[in-house]
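The values are calculated or read from the model by the stated rules, or taken from the named source; none is laboratory data. The model shown is predicted, which means the values in this text are computed figures rather than measured ones. We place every Cβ from the backbone using ideal geometry, glycine too, and count neighbours over all the protein chains shown. Calculation scope for accessible area: heavy atoms of the full protein, side chains included, ligands and nucleic acids excluded. Shrake-Rupley method; radii C 1.70, N 1.55, O 1.52, S 1.80 Å.
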Amino acid sequence: ANGEKSPNDAMIRQIDQKILNYEKKQEKYLSKLESAKAELEKFKETKQRYLAGDSLGSDTASFSETTARSLVKSMMWRVIAGSVTFFTSLRFSGNISTALSIVGSDFFSKAATMFIGERLMNKSQAGRKSGADDVGRSLAKALLWRLFAIANTLTMSLLIAKDLSIASKIAGSDAVFKTGLMFVYERVWAKVEWGKEYMIEFSI
């Protein structure tokens, strides 16, 4: 009466809006469901072809590494490399405090830098075949990382030990031993399947 809208009218409009919103959500999720069903069928068909003797893709077996794999690799290497640097620093400086300072000064910065390096290298498929990094890729990664790490270790050793001779010996020993050690480390990780996501090719 008198052109006034009752509370019931407002409630009906609110309900209509809710219905409209949920209808839109329903359309969205139905579209996603159809897309998921199509992907599921592709994987099932690919699996069946593989079981029947077909190849899943090219011989290179391209893959990418997950963020978790890169993080674990970086942190594990820092523990190993940090231990080596500690004993090297202790040997040439003769001081436990100096050795701990050198290792602690760049532990997290080097771990972060290596993690970033791993993520950048992961964007390239060069040197990856048969589902693993080849020897050349492992060697290139070890050399590239060690060039940066040697400069970093030399700088931090010089700042803390305040002796160029000691700093050079620490960095030099690290350069020889840890370059070889990192190459071995990379070869071990090349055989680890955890954290690899293979790029499956679909043939239609």
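Relative contact order of the chain, please, whole-number percent, based on alpha carbon pairs below 8 angstrom and at least 6 residues apart.
Relative contact order comes out at 29 percent.
Say each of Asn8 and Val84 gets a label point 7 Å from the Cα, pointing the same way as Cα to Cβ; how far apart are those two points in nm?
Placing both labels 7 Å along Cα→Cβ, they lie 8.3 nm apart.
With a point put 7 Å past each Cα toward its Cβ, work out how far Ile116 is from Glu23 in nm, to one decimal.
5.2
Counting GluC sites (Glu not before Pro) as exposed when in a DSSP loop with at most 13 other beta carbons within 10 Å, what is the longest stretch of the chain free of them?
No qualifying site falls inside 5-192, the longest such stretch.
So if R0 is 35 Å, what FRET efficiency would Leu144 and Leu40 give, r being the distance between their Cβ atoms, rounded to the nearest 0.05?
With a Förster radius of 35 Å, E is 0.30.
Once you order the gyration tensor axes a ≥ b ≥ c over the Cα atoms, which shape class does region 84-204 get: rounded for a/c under 1.5, otherwise prolate or oblate by comparing a/b with b/c? Could you put the intermediate results ahead of the total?
On the way: a/c = 3.09, a/b = 2.72, b/c = 1.14.
Because a/c hits 1.5 or more and a/b exceeds b/c, region 84-204 counts as prolate.
Which length gain, in nm to one decimal place, applies between Lys162 and Ile15 when the Cα-Cα distance is subtracted from 0.36 nm times their residue separation?
Gain on stretching Lys162 to Ile15: 45.4 nm.
Which Cα, out of Tyr198, Leu158, Val103, lies furthest along the positive dipole direction of the chain (beta carbon charges, K/R +1, D/E -1)?
Leu158
Count the net charge of all other residues whose Cβ sits under 13 Å from the Cβ of Val176, scoring Lys and Arg as +1 and Asp and Glu as -1.
Taking every other residue near Val176 into account, the sum is +2.
Which net charge results for the neighbourhood of Ile19, defined as the other residues with beta-carbon distances under 12 angstrom from its beta-carbon, given Lys and Arg at +1 and Asp and Glu at -1?
Details: positive: Arg13, Lys18, Lys24, Lys25; negative: Asp16, Glu23.
That works out to +2.
What part of the accessible area of the chain, given as a whole %, is carbon or sulfur when the probe is 1.4 angstrom?
Details: 8360 of 13040 Å².
Roughly 64 percent of what the probe reaches on the chain is carbon or sulfur.
To the nearest 10 degrees, how steep is helix 164-190 against the longest Cα principal axis of the chain, on a 0 to 90 scale?
50
Decide, for the chain, between rounded, prolate and oblate: order the square roots of the alpha carbon gyration tensor eigenvalues as a ≥ b ≥ c, take rounded if a/c falls under 1.5, and otherwise choose prolate if a/b is larger than b/c, else oblate.
Values: a/c = 5.11, a/b = 1.79, b/c = 2.85.
In terms of gyration-tensor shape, oblate.
Give the angle, between 0 and 90 degrees and rounded to the nearest 10, that separates the Cα long axis of helix 7-51 from the longest principal axis of the Cα atoms of the chain.
In the chain, helix 7-51 runs at an angle near 50 degrees to the longest axis.
When all protein chains stay in place, what accessible area (Å², nearest 10, 1.4 Å probe) is found for Tyr29?
Tyr29 exposes around 130 Å² with every protein chain in place.
How would Leu90, Leu164 line up by accessible area, probe 1.4 Å, largest first?
Leu164, Leu90
About the Cα centre of the chain, how large is the charge dipole given +1 on each Lys and Arg Cβ and -1 on each Asp and Glu Cβ? Please answer in debye to the nearest 20.
About 480 debye.
Between Ala68 and Ser109, what is 0.36 nm times their sequence separation minus the Cα-Cα distance? Round to one decimal in nm.
Answer, rounded to one decimal: 13.0 nm.
Between region 137-204 and region 14-33, how far is it from one alpha carbon centroid to the other, in angstrom?
Cα centroid to Cα centroid, the span is 53 Å.
With axes computed from alpha carbons, what is the tilt in degrees of helix 107-121 against the longest principal axis of the chain, rounded to the nearest 10 within 0 to 90?
60
Identify, among Ser64, Ile116, Gln26, the residue whose Cα sits farthest towards the positive end of the charge dipole of region 21-131, taking +1 on the Cβ of Lys and Arg and -1 on the Cβ of Asp and Glu, with the dipole about the Cα centre.
Ile116
Pop a pseudo-label 7 angstrom from the Cα along the beta-carbon direction at both Ala190 and Ser31 and give the gap in nm to one decimal.
With each label point 7 Å from Cα toward Cβ, the separation is 4.5 nm.
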